[in-house]
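To keep things clear, I will list the structure first and then write my remarks on it.
Values quoted throughout were computed directly from the atomic coordinates according to the rules given, and no laboratory measurement underlies them. These numbers were taken from a predicted model, which means no experiment stands behind them. Cβ sites come from the backbone with ideal geometry, for glycine too, and all protein chains shown count toward neighbours.
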Amino acid sequence: MGRDKSGEFLTDLQILRFLCKNGGESYNHDLVRRFRHYLGDPISGQANKNQLREVVGLFCAVSEREEGKFLVLKPEFMNKTPEEILEPLTSTQ
């Protein structure tokens, strides 16, 4: 029987792994599509949407293109692993 994934929470690491895997950039609609099962969850969906917005706001520059919002990791985070990006945040907690 399949495992019920309801109530799963999205993490900074998952989001950054996706961005780094894609060369540090992504269209917003591709990011949302990748994590849609988290964002549409009846239990944790709103928290996951907030988490996604927070990560994008902290780590990405956003520009408008004809195809939609385009996200690029800020220069200080480029060429780093997701773990390296998060290390300063986790070492102070």
Checklist entry - Can you tell which of V56, V72, V32 shows the greatest fluctuation in a Gaussian network model of the chain with Cα springs below 10 Å? => result V32
Checklist outcome for this item: Residue-normalised 222 nm signal for the chain, counting each DSSP H run of n ≥ 4 as -39,500 (n - 2.57), nearest 500 deg cm²/dmol, is -14000 deg cm²/dmol
Item to check | Helix 12-21 axis, angle to the chain major axis (alpha carbon atoms, nearest 10°) | outcome: 60 degrees
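Rounded to the nearest 0.05, what FRET efficiency do E64 and R33 have when you use their Cβ-Cβ distance and R0 = 22 Å? Working shown, then result.
Details: r = 19 Å, r/R0 = 0.84.
FRET efficiency, E64 to R33: 0.75.
With the contact rule set at Cα under 8 Å and sequence spacing of 6 or more, what percent relative contact order holds for the chain? Intermediate results must be reported in sequence, preceding the final value.
On the way: 87 pairs, mean separation 31.5, N = 93.
Rounded, it is 34 percent for the chain.
Restricting to lysine pairs 8 or more places apart or on different chains, what number in the chain have Cα atoms under 18 Å apart? Intermediate values should be presented prior to the final figure.
Details: K5/K49; K21/K74; K21/K80; K49/K69.
Close lysine pairs under the 18 Å cut-off: 4.
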Checklist entry - Helix 82-91: angle to the longest alpha-carbon principal axis of the chain, degrees 0 to 90, nearest 10? => result 80 degrees
Checklist outcome for this item: Expressed in nanometres to one decimal, the distance between label points 7 Å along Cα→Cβ at M78 and K21 is 2.2 nm
Checklist entry - In nm, to one decimal, how far is the L89 label point from the R53 one, both placed 7 Å along Cα→Cβ? => result 1.6 nm
